[in-house]
1. Using r as the Cβ-Cβ distance of THR9 and HIS67, and R0 as 35 Å, what FRET efficiency do you calculate, to the nearest 0.05?
2. How much length would be gained if the chain were fully extended between ARG97 and SER199, taking 0.36 nm per residue of separation minus their Cα-Cα distance, in nm to one decimal?
3. Using the Karplus curve 6.51 cos²θ - 1.76 cosθ + 1.60 with θ = phi - 60°, work out ³J(HN,Hα) for each residue of the stretch 63-74 in order, rounded to whole Hz, and write x for Gly and Pro.
4. Which FRET efficiency value, to the nearest 0.05, is calculated for TYR139 and LYS163 with the Förster distance at 22 angstrom and r the Cβ-Cβ distance?
5. Per 10 Å bin, what is the whole-percent P(r) computed from every C-alpha pair distance within the stretch 20-66?
6. Do the alpha carbons of any pairs in LYS25/LYS191; LYS21/LYS144; LYS21/LYS113; LYS163/LYS191; LYS78/LYS113; LYS113/LYS176 sit beyond 27 Å of each other, and which pairs?
7. Treat each spin label as a single point 7 Å out from the Cα along the C-beta direction, and report the GLU60 to VAL84 distance in nm.
8. Which ³J(HN,Hα) values in Hz, rounded to whole numbers, follow from the phi angles of the stretch 12-20 under the Karplus curve 6.51 cos²θ - 1.76 cosθ + 1.60, where θ = phi - 60° and Gly and Pro get x?
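Read-outs throughout are calculated quantities, based only on the coordinates presented, and are distinct from any laboratory measurement. Bear in mind the structure is a predicted one, so any value in this text is a computation, not a measurement. Here the Cβ positions follow ideal geometry from the backbone for every residue, glycine too, while neighbour counts run over all protein chains shown.
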Amino acid sequence: MVGPIGYWTELQAYQIGALLKLGLKPHHRLLDIGCGPLRGGLGFIDYLDAGNYAGIDLSEACIAEAHMQIAREGLASKNPFLAVSDSFGWKELNGRRFDYIWCSQLLYHLDEKQVDSLLQRASHFLAPRGRFYGDIIGYPNAVKEDSQWNGFRFYLHTVDVLKEIAARHLLDVTPKGQIEDYGYPSQIRLKTNALLECSRKEIQHELCQPVHSENPDGEPPFMPQCMQCGQQGPADGQSFLSRESGKAPGTRISI
Ligand SMILES: C[S@@+](CC[C@H](N)C(=O)[O-])C[C@H]1O[C@@H](n2cnc3c(N)ncnc32)[C@H](O)[C@@H]1O
């Protein structure tokens, strides 16, 4: 149903192997966007603690097959969340946060507007130190011109275009090599796909007011606030500043 025929086991091993190499641990929460019939998903569900896997896909047939695979493999007790979604999980996942978002072999079937929408949603789903991984076509000749997969055409996005789109959603993009480096079968042309990591940009907040060392009037403790986004620092601004080596107000610091 998904991907090159005859490589189910190899492609399953690639997906779980890649995320293990990228630091996945059983307690992490993982969102698998475009999960298909769980070629990677079965390995993830088996490895993760119960309740930590969510998979979404546009295709009803894929999600129906995914449910059957879970029953067949005896993985129902792992309580995976599965949903058909045309909104990259936006309507279905209801404010959930994930440590990892895995988007294998999907970005190049989406046009730029859809990639923008996907990264906008991903930026909301990512936990503060969360990571998103997705692959794009590495070399244009890895796919035949005008070829399609299951009715989905191929888009040849560049890393620069991905960086530009990601920046709109305060995400940084870091190329992490080719998927072949993570165990993707060397017999398949897409082995040269580039794996990209997206993570939250580190925002340098700028404090708006001085922080007093004393609180003579018994007023509530002053809470430093960023001049740009209004985000507040810790309630105890004093210890916050001393942790930041007592920098003068107005200097750029991370909150
Ligand atoms: C090439 S398959 C990859 C499946 C799986 N990620 C893997 O690597 O084994 C692409 C999957 O993305 C799904 N898909 C395509 N467009 C989508 C969209 N807009 N939202 C969610 N899933 C989508 C397809 O139904 C298909 O299951």
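1. Step by step, r from the Cβ atoms, then E = 0.95.
2. 35.4 nm
3. Using θ = phi - 60°, the values come out as 5, 5, 5, 4, 4, 5, 4, 4, 5, 4, 8, x Hz.
4. On the way: r = 19 Å, r/R0 = 0.85.
Calculated transfer efficiency: 0.75.
5. Per 10 Å bin, starting at zero, the Cα-Cα P(r) for the stretch 20-66 comes out as 29, 53, 17, 0 percent.
6. Working: LYS25/LYS191 25 Å; LYS21/LYS144 30 Å; LYS21/LYS113 31 Å; LYS163/LYS191 22 Å; LYS78/LYS113 35 Å; LYS113/LYS176 24 Å.
With Cα atoms farther than 27 Å apart: LYS21/LYS144; LYS21/LYS113; LYS78/LYS113.
7. Placing both labels 7 Å beyond Cα along the Cβ direction yields 0.4 nm.
8. 5, 5, 4, 5, 5, x, 4, 5, 5
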